[in-house]
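What follows is a short report on a single structure.
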Amino acid sequence: MPELPEVEVLARHLRPLIRGKTIRGVSVQRAKVLAPTSPRIFRRTLLGAKITGLSRRGKYLLFQLRTPGRKGPVTLLGHLGMTGRFFLARKKERFPKHAAVVLDLGGKKFIYEDARYFGRLTLNLAAVGKLGPEPLGSDFRPASFAESLKRSRQAIKIRLLDQTLVAGVGNIYASEALFRARISPRLPARRLSRPQVAQLWRAIRAVLAEAIKCGSTMPLNFGGGRPDGLFYFGRVPGAPDYYEERLRVYDRAGRPCPNCGGSIKRIKQAGRSTFYCPQCQRA
Ligand SMILES: [Zn+2]
């Protein structure tokens, strides 16, 4: 599932490809992904609109639109869910099997494809209103982070997944940040010491910044192995494992810890896998 760095990399790649384009056609294949926006409102708002920008908040993409007959800008919110992909395709290409929404941008088609339809492309922005601070922004401060951890009995790993605490950290980067900070994923949030909170704060920023840097330098035009210059996101057959290579604990159960050589362990917390090194992450 894409987290903050993957969405940021996607936004950076997609932005120059769609900015300035006018939406000439709107095809909704799966109305569910627009909810609670109705297909009728969606079509009416988007048709003829010009895409003026693309930004990210947490794990969400925010498409800025200027629409005819409306004064202010309109924001379209995108979320990839578990299996979503946003990409551009040639105009004459057939819709992929799981296309949920297709926007005609003139020369190219913008496609939102989602095999499981857990993602979103909607005019409803309620989800971003509840988000905590951006971890790489100046609003994310050690003092306020410490304050919100102090109020929770939850294990720190589970607490980190709460998007109101800090936006964009998911299962992968929660495990990676805790490993980097040498903190046990089971430690109750309120029992972290001041130095541990500071370490974790730094580790969260470091793992996310590194992942963005790594993602920004990798070729994203996999296209099923064809270097066709079109944009794709998500793993396709034959795509190299750039992301997995640089993760230190995530999905590495049984493999040696890069610090101590001990075995990485996998445990379940709140129904989700956590990966950590029991030697390096004792406290
Ligand atoms: Zn270790």
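The values are calculated or read from the model by the stated rules, or taken from the named source; none is laboratory data. Everything numeric in this text was worked out from a predicted model, so none of it was measured. With ideal geometry, Cβ positions are generated from the backbone for all residues, glycine too; neighbour counts draw on all protein chains shown.
Return the residue satisfying two criteria in turn: it lies in segment 177-205 and is assigned to a helix (DSSP H, G or I) and touching a residue at least 60 places away in the same chain (Cβ under 8 Å), and of such residues it is surrounded by the fewest Cβ atoms within 10 Å (Cβ to Cβ).
Looking at the filtered set, the residue picked out is ARG205.
Starting from segment 251-269, take each residue that is free of Cβ contacts under 8 Å to residues at least 12 places away in the same chain and under 13 Å from PHE179 (Cβ atoms) and list its partners that are of a type in the set (D, E, K, R) and within 9 Å of the ligand (Cβ to nearest atom), counting only C-beta distances under 8 angstrom and pairs at least six apart or across chains.
Pairs that qualify, where the first residue is free of Cβ contacts under 8 Å to residues at least 12 places away in the same chain and under 13 Å from PHE179 (Cβ atoms) and the partner is of a type in the set (D, E, K, R) and within 9 Å of the ligand (Cβ to nearest atom): there are none.
State the number of residues belonging to segment 250-275 that are more than 9 Å from the ligand (Cβ to nearest atom) and either under 19 Å from LEU208 (Cα atoms) or part of a strand (DSSP E or B) (or both).
Summing the residues that are more than 9 Å from the ligand (Cβ to nearest atom) and either under 19 Å from LEU208 (Cα atoms) or part of a strand (DSSP E or B) (or both) in segment 250-275 gives 12.
Out of the residues in segment 53-69 meeting the condition of being in a loop (DSSP other than H, G, I, E, B) and touching a residue at least 12 places away in the same chain (Cβ under 8 Å), tell me which one is surrounded by the fewest Cβ atoms within 10 Å (Cβ to Cβ).
Filtering first and then ranking leaves PRO68.
Return the residues of segment 82-113 that are surrounded by 20 or more Cβ atoms within 10 Å (Cβ to Cβ) and small (Gly, Ala, Ser); say none if nothing qualifies.
GLY84, ALA89, ALA100 - these are the residues of segment 82-113 that are surrounded by 20 or more Cβ atoms within 10 Å (Cβ to Cβ) and small (Gly, Ala, Ser).
Any chance segment 137-155 includes a residue that's aromatic (Phe, Trp, Tyr) and outside any helix (DSSP H, G or I)?
Taking every residue of segment 137-155 in turn, at least one turns out to be aromatic (Phe, Trp, Tyr) and outside any helix (DSSP H, G or I).
Go through (1) surrounded by fewer than 19 Cβ atoms within 10 Å (Cβ to Cβ); (2) in a helix (DSSP H, G or I) and name the single condition ARG116 misses.
Result: ARG116 fails condition (2) only.
If ARG19 satisfies every condition in (1) at pLDDT below 95; (2) loosely packed, with under 15 Cβ neighbours inside 10 Å; (3) closer than 30 Å to LYS213 by Cβ but one, which is the exception?
For ARG19, the exception is condition (1).
What residue, of GLY234, GLY238, is away from the ligand (no atom under 16 Å from the Cβ), buried (at least 17 other Cβ atoms within 10 Å of the Cβ), modelled with pLDDT under 90 and not in a strand (DSSP E or B)?
Sole residue among the options that is away from the ligand (no atom under 16 Å from the Cβ), buried (at least 17 other Cβ atoms within 10 Å of the Cβ), modelled with pLDDT under 90 and not in a strand (DSSP E or B): GLY234.
Take the residues of segment 22-52 that are free of Cβ contacts under 8 Å to residues at least 60 places away in the same chain and part of a loop (DSSP other than H, G, I, E, B): which is surrounded by the fewest Cβ atoms within 10 Å (Cβ to Cβ)?
SER38
Take the residues of segment 60-89 that are basic (Lys, Arg) and at pLDDT below 95: which is nearest to the chain's Cα centre (by Cα)?
So, considering only residues that are basic (Lys, Arg) and at pLDDT below 95, the one nearest to the chain's Cα centre (by Cα) is ARG85.
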